[in-house]
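To start, the structure under review is shown below, and the notes come after it.
Any read-out appearing in this document is the output of simple, stated calculations on the displayed coordinates, not a laboratory observation. As the structure is a computational prediction, the values presented were derived from the model and not from experiment. As a convention, Cβ positions derive from the backbone with ideal geometry for all residues, glycine included, and neighbour counts pool all protein chains shown.
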Amino acid sequence: MEFAKRLQPLQSNVFADMDRAKAVALAAGRELIDLSLGSSDLPASAHVIEAIAQSLYDPSTHGYLLFHGTQGFRQAAANWYEKKFGIKVDPETEVLPLIGSQEGTAHLPLALLNPGDFALLLDPGYPSHAGGVYLASGQIYPMPLRAENDFLPVFNDIPAPVLAQSRMMVLSYPHNPTSAIAPLAFFQEAVAFCQQHNIALVHDFPYVDLVFAEDQNRGLLINSDLSLVPSILQADPDKSISIELFTLSKSYNMGGFRIGYAIGNAELIRALRQVKAAVDFNQYRGILNGAIAALSGPQIGVEKAVATFRQRRDTFISALHRIGWQVPTPKATMYIWAKLPTTWSHNSQEFCTQLVKKTGVAAAPGAGFGKSGEGYVRFALVHEPPILETAVERIAEFL
Ligand SMILES: Cc1ncc(COP(=O)(O)O)c(C=O)c1O
């Protein structure tokens, strides 16, 4: 059968490649320590599960859910946003439920790009950002992220002809995979740049809460230092060109429930809503009820997640330093972005394939997140500290 050309660039996927390597290691009898996927191992909070469980027995939740039926969720998202960032949002026109932030990033290009238009993406970056552009038959201009620039893109390096045909830019800080954070001044520069060039600015913001302030006690508060991890709308309070995507996957350990939301410019929200109306009927109402409970109820689960990932980060980084692998300590996210030793600096895929084959430790190759990710490897801290210590011991033997 002949398939559409747009499928071709979607055929290689870092997670699918690692899945195959993991299966080979398992078949060879290795005990797997999987640090290749950013899927939290922590549970969703009891009050969230209770809200969903009760909904299941309520037949009024069983039918299709139209936009007006999502009002309670949109209001909860607007309240959550206003409380956190002090910016008012209209739940009618400036909030849209998503089936996870991945879904939003993958569908937005369909609303913004005509075939051949450019999207300016972070390189390395999250795969759905590129995937959505391919589905929309757009072109990608990768903005390289380099350690010497704190993994922030340099806007002035974008060639003028590309800019003339660019319709969207996607940023995402705290950043997956590099764990970098971006200051408000960077977002202000991005907003001014996109306004000047008439480009829609998309900010994918899953790690809004997974932030580790310098001060140990303050680190336990949820995104306690907003100057460390600002929202794009703090740089664009009039919501002139910006849209921000949130998810409950990371802060509330609800990755499997598939729920998120977009907040921002009303025209962008309307356009994304039009695309989604052709594709889905909103998330199940019971999940929305669970999400309302998560956003509006006690935040102790978020605090626990932050404390857990902070401890794991410290354990993993100390262990790497002990074996002589010097890796900077990230201020946010659940990832360690490690520069590979020179033997492997041009082949992160081979490093990860050999590592899992010989030791059972699975990591994500930097090149899988884009060309500029080559020479790095990403470890997701999705196991308890003793397992992370074992992983590093095995890595030491391998190296
Ligand atoms: C940058 C980024 N965007 C989106 C997602 C997916 O989020 P969701 O579960 O809401 O689709 C992830 C998950 O790891 C991510 O790191």
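Normalising by residue count, segment 195-327 has a Cα convex hull of 162 Å³ per residue. Over the C-alpha atoms of the chain, the Rg to Rh ratio, Rh being the Kirkwood estimate, stands at 0.95.
Beyond 18 Å, the tail of the calculated P(r) for segment 255-399 holds 67 percent of the Cα pairs. The alpha carbon gyration tensor of segment 30-118 gives principal lengths a ≥ b ≥ c with a/c of 1.5 or higher and a/b no greater than b/c, which makes the shape oblate.
For the ranges 288-297, 154-163, what's the packing order if you count other beta-carbon atoms within 10 Å of each residue, average per peptide, and put the highest first? The partial results should precede the final answer.
Values: 288-297: 22.7, 154-163: 11.5.
Result, highest mean Cβ count within 10 Å first: 288-297, 154-163.
Can you pull out the GluC sites (Glu not before Pro) in segment 89-180 that DSSP calls coil and that have at most 16 other Cβ atoms within 10 Å? Kindly include the intermediate steps, with their values, before the conclusion.
On the way: sites: Glu92, Glu94, Glu103, Glu148; in loops: Glu92, Glu94.
When the GluC sites (Glu not before Pro) of segment 89-180 are filtered for loop state and at most 16 Cβ neighbours within 10 Å, Glu92 remain.
Kirkwood Rh and Cα-based Rg: tell me the resulting Rg over Rh for segment 48-92, rounded to two decimals. Present the calculation step by step, with values, prior to reporting the outcome.
Numbers: Rg = 13.3 Å, Rh = 12.2 Å.
Computed over Cα atoms, the ratio is 1.09.
Between Glu397 and Lys304, full extension at 0.36 nm per residue minus the direct alpha carbon distance yields a gain of 30.2 nm.
Think of the chain as a dipole: +1 on every Lys or Arg Cβ, -1 on every Asp or Glu Cβ, centred on the Cα centre; then among Ser137, Met1, His346, Met1 lies furthest on the positive end.
What net charge do the residues around Arg285 carry, taking every other residue with its C-beta under 15 Å from that of Arg285, with Lys and Arg at +1 and Asp and Glu at -1? Surrounding charge for Arg285 is 0. Of all complete DSSP H helices in the chain, those with a Cα span along the helix axis of 30 Å or greater and a mean Kyte-Doolittle hydropathy of -0.5 or more are 300-322. Using the Cβ-Cβ distance between Asp280 and Val24 with R0 set to 25 Å, the FRET efficiency from 1/(1 + (r/R0)^6) comes to roughly 0.10. Ordering Val191, Ile269, Pro206 by Cα displacement along the dipole of segment 125-278 toward the positive end leaves Ile269 in first place; charges were set at the Cβ atoms of Lys, Arg (+1) and Asp, Glu (-1). Charge dipole of the chain (Cα centre as origin; +1 on each Lys and Arg Cβ, -1 on each Asp and Glu Cβ, all else neutral): 440 debye, rounded to the nearest 20. Let me know the shape class of segment 60-296, please: from the alpha-carbon gyration tensor, a ≥ b ≥ c as square roots of the eigenvalues, rounded when a/c is under 1.5, otherwise prolate if a/b is greater than b/c, or oblate. Verdict is oblate for segment 60-296. Over the residues of the chain, the helix contribution to mean residue ellipticity at 222 nm works out to -12500 deg cm²/dmol, using -39500 (n - 2.57) for each DSSP H run of at least 4.
Report the extension gain between Phe3 and Gln75 in nm, rounded to one decimal, defined as 0.36 nm multiplied by the number of residues separating them, less their alpha carbon distance. Each step should come with its number before you reach the end.
Details: separation 72, 0.36 × 72 = 25.92 nm, distance 4.18 nm.
Fully extending the segment from Phe3 to Gln75 adds 21.7 nm.
Close amide H partners of Leu210, meaning residues 5 or more places away or on another chain with modelled amide H under 5 Å apart, are Thr333.
Let me know the whole percent of all Cα-Cα pairs from segment 27-71 that are separated by more than 13 Å. Kindly include the intermediate steps, with their values, before the conclusion.
On the way: 736 of 990 pairs.
Here the tail beyond 13 Å accounts for 74 percent of pairs.
Three principal axis extents of segment 58-192 based on alpha-carbon atoms, in descending order, are 54, 35, 25 Å.
Taking the Cα centre of segment 60-296 as reference, the dipole from Cβ charges on Lys and Arg (+1) and Asp and Glu (-1) amounts to some 700 debye.
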